[in-house]
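Comments concern the structure below.
The values are calculated or read from the model by the stated rules, or taken from the named source; none is laboratory data. Computed from a predicted model, the values in this text were never measured in an experiment. Cβ: placed from backbone, ideal geometry, glycine included. Neighbour counts: every protein chain shown.
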């Protein structure tokens, strides 16, 4: 909506707009700690970001696997599917991004639920 009012001899236009928060910037490499009942892992996750859409790789105990997800403001969600000991397993991650750290919950098919945290790997100069 645009409104106009006169102030003396000057016309002033005021515009009101809905502010939409930008998604957190997560592109790059992250060092993860994933804690499940079956043990703790330390995968390296690399995100590619196109607005709210995430793609990338999850490099952990069972090799490199593709991931897909979304980032909306500070809320991140992504899914990775890998082959672990001959069985296809999916992990669903959800959490919150705070600058160069993020954390949340994860659920892996047969490995159950757990938690995760991550820190951004500093960019190489």
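What the table below lists for this structure:
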item: Residues within region 71-99 that are loosely packed, with under 14 Cβ neighbours inside 10 Å and farther than 18 Å from residue 31 by Cα, tallied; result: 8
item: In region 100-114, residue farthest from the chain's Cα centre (by Cα) [restricted to those that are exposed (fewer than 14 other Cβ atoms within 10 Å of the Cβ) and assigned to a strand (DSSP E or B)]; result: 112
item: Strands (runs of 3 or more DSSP E) wholly inside region 4-75 containing at least 2 residues that are at pLDDT below 95 and farther than 20 Å from residue 103 by Cβ; result: 10-15
item: Filter result for residue 124 (modelled with pLDDT under 95 and either in a strand (DSSP E or B) or out of contact with any strand residue (DSSP E or B) (no Cβ under 9 Å at 6 or more places or on another chain) (or both)); result: yes
